[in-house]
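Student: One structure, as structure tokens, below. Some questions next.
The values are calculated or read from the model by the stated rules, or taken from the named source; none is laboratory data. These numbers were taken from a predicted model, which means no experiment stands behind them. Neighbour counts are summed over all protein chains in view; Cβ atoms, including those assigned to glycine, are modelled from backbone coordinates with ideal geometry. Calculation scope for accessible area: heavy atoms of the full protein, side chains included, ligands and nucleic acids excluded. Shrake-Rupley method; radii C 1.70, N 1.55, O 1.52, S 1.80 Å.
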Amino acid sequence: MAHISIEYMIMIPVLVMQIFLFPYAATVIMGTYDDSLISMELQTTVGHMSSSIQQLYYSMNHGSFSNGSMQVNLDVPQLIQGHAYTTTLSHVTSTETSYQLMNVTLKIIGDTEQSSSLVTLGTNANWQENLSFNSTAHSLSLAANKTANSIWISFGGT
């Protein structure tokens with residue numbers, strides 16, 4: 001009968017444990033990596049949307065632009081890391097009377113992952129409170145309609 005040294009007897013359970021631990025550790029690490037990618041892409045997309053809203057508002061608010069409408073196609077992804085998301089526009093209450101704050105929030109559908117950005121607009125800016133849309137709408141666009149006293153901001157898509 002062959003004698004197995006104690007070192008080899010200890011190694012067998014360690015090797016068996018590694019067979020189970022390595023896939024688990026890899027899954028945890030990849031899950032964290034995927035969450036980081038989703039968070040980063042949400043932040044990038046909400047920043048792009050916020051910037052587009054602010055640029056459209058300031059273009060429409062300029063004295064050289066008379067009453068009328070303007071529409072801009074948004075270059076945002078329909079899916080973020082394979083997930084659809086909703087965008088919601090809401091008002092942020094401010095004690096200042098010289099401007100309004102719009103909160104733009106992107107949230108992954110069916111998850112808690114979200115990102116927000118604030119947009120500073122003038123007192124003549126208006127939008128529907130808690131206006132929401134789904135990212136899978138095709139040809140997503142940002143629209144503004146200027147009248148004598150206000151600029152109405154909305155989203156559109158087909």
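Student: I need a count of the residues in segment 76-102 that are among the polar types (S, T, N, Q), over 12 Å from the mean Cα position of the chain (by Cα) and more than 17 Å from Q55 (Cβ to Cβ).
Tutor: The number of residues fulfilling the criteria is 6.
Student: Right, something else. Quick check, is A2 part of a helix (DSSP H, G or I), of a type in the set (A, V, I, L, M) and at pLDDT below 75?
Tutor: No, not satisfied.
Student: Tell me which residues, restricted to segment 67-78, are in a loop (DSSP other than H, G, I, E, B) and either surrounded by 12 or more Cβ atoms within 10 Å (Cβ to Cβ) or in contact (Cβ under 8 Å) with a residue 60 or more places away in the chain (or both).
Tutor: Once the filter is applied, which keeps residues that are in a loop (DSSP other than H, G, I, E, B) and either surrounded by 12 or more Cβ atoms within 10 Å (Cβ to Cβ) or in contact (Cβ under 8 Å) with a residue 60 or more places away in the chain (or both), segment 67-78 yields N67, L74, V76, P77, Q78.
Student: Let me ask you something else. Spot the failing condition for L37; the list is (1) modelled with pLDDT of 75 or more; (2) under 30 Å from A143 (Cβ atoms); (3) surrounded by 10 or more Cβ atoms within 10 Å (Cβ to Cβ), and only one is missed.
Tutor: Result: L37 passes all but (2).
Student: Do you know which residues across segment 79-102 are touching a helix residue (DSSP H, G or I) at 6+ places or on another chain (Cβ under 8 Å), open to solvent by 20 Å² or more (accessible area, probe 1.4 Å) and not in a loop (DSSP other than H, G, I, E, B)?
Tutor: H83
Student: Among the residues of segment 103-157, count how many are more than 16 Å from G47 (Cα to Cα), open to solvent by 30 Å² or more (accessible area, probe 1.4 Å), small (G, A, S) and assigned to a strand (DSSP E or B).
Tutor: Going through segment 103-157 one residue at a time, the tally reaches 2.
Student: So, one more: Since L42 meets every condition but one in (1) modelled with pLDDT of 90 or more; (2) more than 11 Å from the chain's Cα centre (by Cα); (3) part of a helix (DSSP H, G or I), which condition does it not meet?
Tutor: Unmet condition: (2).
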